[in-house]
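Comments concern the structure below.
The values are calculated or read from the model by the stated rules, or taken from the named source; none is laboratory data. What you see is a predicted model, and the numbers here were worked out from it, not measured in a lab. Note that we place each Cβ from the backbone using ideal geometry, even for glycine, and neighbour counts take in every protein chain shown.
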Amino acid sequence: MYNSYIPMLTAIKGIVSENKVNDIKTFELSFKNEIDYDNFDYVPGQFAEISVIGKGECPIGIASAPTEKGSIKFTIKKMGTVTTGFHNCEEGDIIGVRGPFGNGWPIEKMKGKNIVIIGGGFAFSTLRSLIIYMLDKENRADYKKITVIYGNRDSGEVLYKRDLENWKTRKDIDIFLTIDRKEEGWMEKVGFVAPIVKEIAPSSDNAIAVVCGPPIMIKTSIQVLEELKFKDEQILNSLEMRMKCGIGKCGRCNIGNKYICVDGPVFSLEELKKLPNEY
Amino acid sequence: MKRTSDIEIENQTIEKSIKEMAKNLFRNKEVDIILGYSAGTIPMASPPIIIRNESDVEKLVWNNFCSINLAKNLLELMPKSFDDKKNNLKIGIVAKGCVGRALIHLAIENQIELKNIKILGIDCNGIINRKKIEKEIGDREIIEVSLSNENILIKGKGFEQTFSYDEYLNELCKKCKVKSPPTSPELNGICSGKCEEVLSIEDDFKDISDYELKSYEERWEHIKNLLNNCIRCYACREACPMCYCHLCFVDQNKPLWFGKTTELSEIILFHLIRAMHLAGRCVACGACTSVCPMGIDLNLITRKLEQIVKERFNFTSGLNIVDLPPMVTQKMSDKEDFMIDEK
Amino acid sequence: MNEKILNKSQISKLFETLNKDYNFFAPSKEKGNIIFKKINDSKEIELDYLNSKIPPKEVVFPRIDIIFEYKINGKDIEIVNSKNLEVKNIIFGIRPCDAYSFYLFENFFQFGKFKDELYLKKRRGSLLIGIGCNNPRNTCFCTSVNGHPFKKEHLDILLVDLGEKYLVEPITEKGKDLILNLEWLSDATKNDIKKAKDLSKKAELTISTKMDFKDTFKNLDSNFNSLLWKEISESCLGCGTCAYLCPTCTCFDVIDENDHYNNRGRRIRIWDTCQFCLYTLETSGHNPRDAKIQRCRNRIMHKFCYYPKNYNLIGCVGCGRCIQFCPVNNDLRLIIEKVNKIKKEKEKEEMILSV
């Protein structure tokens with residue numbers, strides 16, 4: 001990219017509300033210029049800096065998989081100035097996109113392995129990208145057993161309900177959903193994510209665990225994984241920090257000598273243990 | 001004001017009394033730590049220091065470059081003194097007049113508990129306006145600074161210059177009427193200076209008379225010129241004991257009051273709104289001006305604030321723990337001529 | 001021999017000549033402070049200085065830099081690319097330490113997959129005419145970080161102050177071309193060149209601050225949680241002075257400014273510093289560097305541990321501004337001394353993070 005600071009223009013193609021309280025929405029964006037879309041070569045786990053021009057920019061993980069052609073999707077929770085700006089947008093509004101940035105999930109290294117995906121809350125967005133990519137008929141054979149454990153506070157917070165329904169009907173992926181407390185009509189598991197992982201006890205043999213969620217869930221899940229004999233290099237995390245430029249220049253997303261926007265956001269536990277505990 | 005004694009001798013006397021007071025406090029186990037000033041590594045600097053035992057008392061100094069207001073450093077230590085699990089930290093603080101005033105005012109605003117604080121009160125003999133001297137010297141290196149009689153002797157690489165102490169004092173120090181901490185039953189400690197009760201102070205504000213004579217347009221030009229090279233490092237805010245908000249108005253973004261750039265309009269907004277927030281609270285210590293890396297003389301704004309508050313509310317901050325500052329209370333005698341025609 | 005002589009009385013002629021094709025930046029005195037600014041009249045040039053207060057990084061990395069501007073037409077948004085990227089600058093009177101900082105900047109801004117075109121274009125369009133330091137300050141320590149008061153590397157032309165005149169030495173091709181176009185410069189004599197060499201030696205011997213960085217990287221890397229940081233950050237105000245006046249600090253913030261009434265706006269970047277408490281604050285409220293100790297530590301770690309880890313160079317040029325201007329005299333030399341003396345801390349050392 002000649003100037004990585006200039007955003008590409010996209011228009012909002014569709015908006016889907018993902019949760020009951022309506023503060024998480026998935027935005028589908030289509031590029032105004034075909035060339036921009038062709039050049040937007042991304043892998044699951046990467047993020048883009050998307051802007052409501054005039055309000056600001058924020059880094060959001062790409063929720064769509066590169067195998068889903070034609071548009072890109074972002075799942076955004078209404079939290080601050082920019083994200084509120086997003087939620088006030090309508091179909092057809094112009095959104096700026098810079099990216100793809102970050103290192104993404106190491107899909108080459110993950111080939112030939114059993115994949116255990118542990119997600120919590122709305123951090124599931126790049127995990128969706130990973131799952132759809134792996135389930136694509138071109139790629140499925142490259143990966144062995146796929147286990148997904150996805151926890152939420154309550155049933156209203158579960159994202160991508162349609163995708164989950166689809167996946168549950170498939171034989172080549174195991175989906176386990178859980179919510180914190182019992183609810184009427186909820187037929188799946190109940191409990192925090194870490195004890196559910198313990199219950200399901202995925203084997204650490206030739207496996208890679210991908211953990212993405214709120215800090216407390218990550219901490220407890222990693223403890224369980226370590227009990228299940230997962231080694232540090234087998235556990236992957238996607239970190240989040242405040243970012244501005246997305247290309248490793250503004251300086252604020254550094255952990256030690258690494259920049260999350262360039263060297264991450266995906267880090268293995270082995271790499272994280274070498275970095276200072278400031279994230 | 002005619003000097004009656006050699007400044008350097010005064011400084012040595014004050015320094016000796018600080019060390020004695022400090023030793024006594026440690027020996028009688030009346031303090032756990034003492035906040036004071038130490039010798040700097042470059043000329044004209046006396047950084048704050050926290051000493052934790054009697055053997056470190058020798059590190060305490062006093063000179064006319066002790067410009068930092070230690071009440072701010074005290075404020076940062078405050079949570080430690082409330083920990084029920086540990087013994088309450090007893091803190092000693094070397095207090096010139098404005099530091100004492102700051103402590104009293106912070107106590108009124110419920111930011112500190114005076115009962116765990118012991119002041120080491122001294123009669124401050126003034127802080128030298130370092131930036132004014134540096135401006136006179138130009139961009140040449142100063143190697144040594146010494147004081148004798150009424151003069152400040154500056155020795156540099158290939159030059160020597162003498163400055164009159166009385167002329168190169170901080171503008172605020174020239175007008176200072178509270179050189180030692182005002183006594184107050186709540187303010188514990190020892191004092192080697194006057195430390196008397198101060199009911200109110202008289203001030204003719206002659207130093208800002210030039211500014212007073214300007215028209216509004218001229219004043220606006222003056223303010224613009226004064227502030228235009230601010231780099232928004234916020235050293236002034238960080239050094240000020242009264243600026244303790246967890247989230248400063250300039251850092252808010254919901255709503256975003258104004259931007260963070262160094263455009264003149266935003267610089268002026270920052271300084272003038274901060275001045276408004278300090279009305280009736282500023283203790284005229286001059287720390288803001290002494291820390292400004294660009295040499296901006298915020299003293300004018302400070303003095304003007306003092307004058308307006310004195311005129312409208314007959315109030316001077318930090319003299320006693322009883323009188324509430326004018327911005328947090330209302331008296332029937334408050335003038336309302338800005339909205340009601342009282343003529 | 002291609003060294004020339006520029007008499008101090010010819011400075012205005014130099015300015016008049018170069019000002020036609022270049023933006024001429026030189027040290028100037030403004031309200032008592034020496035800063036690098038765009039000169040409009042040769043009288044503004046101030047040559048009696050040791051070094052500027054605000055480093056010349058300001059010329060190529062301005063305090064307010066426009067990334068792009070945009071116009072709003074109904075629902076449509078048009079982005080106007082920043083026009084001022086192509087520049088022709090001359091930075092006259094830059095000191096070798098600051099010129100080295102440009103190199104460190106460039107290292108950083110062109111590293112990796114994405115380059116920072118905003119900076120790189122301005123840098124490549126800038127020609128550096130440096131003046132060697134005859135009188136380094138007591139706070140200077142360029143010789144401890146690969147530098148020298150007369151270091152030629154990273155400059156296009158080096159001037160040496162011989163008293164009434166400067167020795168002019170072109171260093172790069174760009175420098176040589178510029179000198180060729182100034183045919184009115186007289187040739188330097190062997191005496192002039194010898195005098196310059198003597199001044200260089202004398203300047204090197206004048207440097208009194210010698211810092212030993214042999215163990216610094218190792219100590220910093222393995223003592224992240226040391227209690228020493230509590231002592232170091234005790235008097236720190238947490239202001240932005242050291243970062244804003246540091247020639248190697250590069251951090252910035254990106255802001256969208258909207259002009260509702262005129263249906264337009266711009267995205268700008270402004271200087272920012274890791275010393276501010278909001279620097280790493282996330283929208284969720286979580287702040288990885290919540291305490292002043294962490295922020296104070298981060299700056300030292302960044303210059304003397306992280307930057308060396310990534311580029312094998314210390315991220316400091318030894319200009320001494322942080323030592324000279326720190327409002328509370330939190331002296332870097334003492335900090336490095338303390339770091340160098342750290343004994344291996346016990347593994348379970350708990351650092352008190354809360355204030």
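In the range A:253-279, the residue that is nearest to the other protein chains (Cβ to nearest Cβ) out of those that are among the polar types (S, T, N, Q) and under 21 Å from the mean Cα position of the chain (by Cα) is A:N254. Scanning the range C:25-69 for residues that are assigned by TED's automatic domain parsing to the domain that holds C:K13 and assigned to a strand (DSSP E or B) yields C:F25, C:A26, C:P27, C:S28, C:K29, C:E30, C:N33, C:I34, C:I35, C:F36, C:K37, C:K38. Filtered by the rule that a residue be farther than 30 Å from A:T83 by Cα, hydroxyl-bearing (S, T, Y) and more than 7 Å from every other protein chain (Cβ to nearest Cβ), the range C:228-286 gives C:S233, C:T248.
Residue-wise test of (1) closer than 27 Å to B:L213 by Cα; (2) more than 18 Å from the chain's Cα centre (by Cα); (3) outside any loop (DSSP other than H, G, I, E, B).
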{"site": "B:G259", "(1), (2), (3)": "no, yes, no"}
{"site": "B:E266", "(1), (2), (3)": "yes, yes, yes"}
{"site": "B:H271", "(1), (2), (3)": "yes, no, yes"}
{"site": "B:V283", "(1), (2), (3)": "yes, no, no"}
{"site": "B:I321", "(1), (2), (3)": "no, yes, no"}
{"site": "B:Q330", "(1), (2), (3)": "no, yes, no"}
{"site": "B:E336", "(1), (2), (3)": "yes, yes, no"}
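Among the numbered conditions (1) surrounded by fewer than 16 Cβ atoms within 10 Å (Cβ to Cβ); (2) within 14 Å of another protein chain (Cβ to nearest Cβ); (3) assigned to a helix (DSSP H, G or I); (4) of a type outside the set (S, T, N, Q), the only one that B:K254 does not meet is (3). A count restricted to the range C:79-110 and to residues that are more than 19 Å from C:G318 (Cβ to Cβ) and out of contact with any Leu (no Cβ under 9 Å at 6 or more places or on another chain) stands at 6.
Return a yes/no flag: does the range A:195-204 have any residue that is buried (at least 21 other Cβ atoms within 10 Å of the Cβ), more than 14 Å from chain C (Cβ to nearest Cβ) and outside any loop (DSSP other than H, G, I, E, B). Yes, the range A:195-204 has at least one match. Scan the range A:15-28 and tell me whether some residue there is in contact (Cβ under 8 Å) with a residue 12 or more places away in the chain, within 14 Å of chain C (Cβ to nearest Cβ) and more than 15 Å from the chain's Cα centre (by Cα). Yes; the residues of the range A:15-28 include at least one that is in contact (Cβ under 8 Å) with a residue 12 or more places away in the chain, within 14 Å of chain C (Cβ to nearest Cβ) and more than 15 Å from the chain's Cα centre (by Cα). The set of residues from the range B:222-237 being within 11 Å of chain C (Cβ to nearest Cβ) and of a type in the set (D, E, K, R) comprises B:R232, B:R237. Assessment of the range B:265-279 against the conditions (crowded, with 17+ Cβ neighbours inside 10 Å, closer than 26 Å to A:V82 by Cα, within 14 Å of chain C (Cβ to nearest Cβ) and among the aliphatic types (A, V, I, L, M)) yields at least one matching residue. Can you find a residue that is modelled with pLDDT of 95 or more, of a type outside the set (K, R) and out of contact with any helix residue (DSSP H, G or I) (no Cβ under 9 Å at 6 or more places or on another chain) anywhere in the range C:23-32? Yes, the range C:23-32 has at least one match.
The requirement of being part of a helix (DSSP H, G or I) and surrounded by 23 or more Cβ atoms within 10 Å (Cβ to Cβ) is fulfilled somewhere in the range A:86-106, by at least one residue.
Mind checking whether some residue in the range A:87-108 is under 19 Å from the mean Cα position of the chain (by Cα), without any contact (Cβ under 8 Å) to a residue 40 or more places away in the chain and more than 20 Å from A:L29 (Cβ to Cβ)? Looking through the range A:87-108, at least one residue is under 19 Å from the mean Cα position of the chain (by Cα), without any contact (Cβ under 8 Å) to a residue 40 or more places away in the chain and more than 20 Å from A:L29 (Cβ to Cβ). For the range C:52-73, the criterion of being farther than 30 Å from C:D256 by Cα and touching a strand residue (DSSP E or B) at 6+ places or on another chain (Cβ under 9 Å) is met by at least one residue. So which residues in the range A:221-252 are among the hydrophobic types (A, V, I, L, M, F, W, C) and either at the interface with chain C (Cβ under 8 Å from one of its Cβ atoms) or part of a strand (DSSP E or B) (or both)? Passing the criteria: A:I235, A:L236, A:M241, A:C245, A:I247, A:C250.
Residues of the range A:145-172 that are modelled with pLDDT under 90 and of a type in the set (S, T, N, Q): A:S155 alone. Among the residues making up the range C:128-150, those that are more than 14 Å from chain B (Cβ to nearest Cβ) and surrounded by fewer than 22 Cβ atoms within 10 Å (Cβ to Cβ) are C:T143, C:S144, C:V145, C:N146, C:H148.
Pairing each residue of the range B:285-312 that is under 16 Å from B:I127 (Cα atoms) and within 11 Å of another protein chain (Cβ to nearest Cβ) with any residue that is surrounded by fewer than 21 Cβ atoms within 10 Å (Cβ to Cβ) and of a type in the set (S, T, Y), provided the two are 6+ apart or on different chains, yields no C-beta distance under 6 Å. Residue count for the range B:48-76 under the criterion of being closer than 13 Å to B:I91 by Cα and part of a loop (DSSP other than H, G, I, E, B): the result is 2. Screening A:I132, A:I62 for residues that are among the β-branched types (V, I, T), assigned by TED's automatic domain parsing to the domain that holds A:I175 and under 29 Å from A:D180 (Cβ atoms) leaves exactly one candidate, A:I132. Would you say A:G45 is part of a loop (DSSP other than H, G, I, E, B), within 14 Å of another protein chain (Cβ to nearest Cβ) and among the small types (G, A, S)? Against the criterion (part of a loop (DSSP other than H, G, I, E, B), within 14 Å of another protein chain (Cβ to nearest Cβ) and among the small types (G, A, S)), A:G45 does not qualify. Pairs linking a residue in the range C:175-196 that is in the same structural domain as C:R124 (by TED's automatic domain parsing) to a residue that is exposed (fewer than 11 other Cβ atoms within 10 Å of the Cβ) and in a loop (DSSP other than H, G, I, E, B), with Cβ atoms under 9 Å and 6 or more positions apart or on different chains, are C:D187/C:M1; C:A188/C:M1; C:K190/C:M1; C:I193/C:M1; C:K195/C:G163. In this structure, A:S71 does not satisfy being in contact (Cβ under 8 Å) with a residue 40 or more places away in the chain, among the polar types (S, T, N, Q) and under 25 Å from A:D263 (Cα atoms). Under the condition of being under 21 Å from C:L127 (Cα atoms), among the aliphatic types (A, V, I, L, M), over 16 Å from the mean Cα position of the chain (by Cα) and facing another protein chain (nearest Cβ under 10 Å), the residues counted in the range C:45-69 number 0. From the list C:S52, C:S12, C:S42, the one residue that fits, being among the polar types (S, T, N, Q), over 30 Å from A:I94 (Cβ atoms) and surrounded by 18 or more Cβ atoms within 10 Å (Cβ to Cβ), is C:S52. Checked against (1) at the interface with another protein chain (Cβ under 8 Å from one of its Cβ atoms); (2) more than 30 Å from B:M294 (Cα to Cα); (3) assigned to a loop (DSSP other than H, G, I, E, B); (4) touching a residue at least 60 places away in the same chain (Cβ under 8 Å), C:I72 passes all but a single condition, namely (3).
The set of residues from the range B:145-170 being modelled with pLDDT of 90 or more and charged (D, E, K, R) comprises B:K155, B:E160, B:D166, B:E167.
Of the residues making up the range A:151-173, not a single one is in a helix (DSSP H, G or I), within 14 Å of another protein chain (Cβ to nearest Cβ) and surrounded by 14 or more Cβ atoms within 10 Å (Cβ to Cβ).
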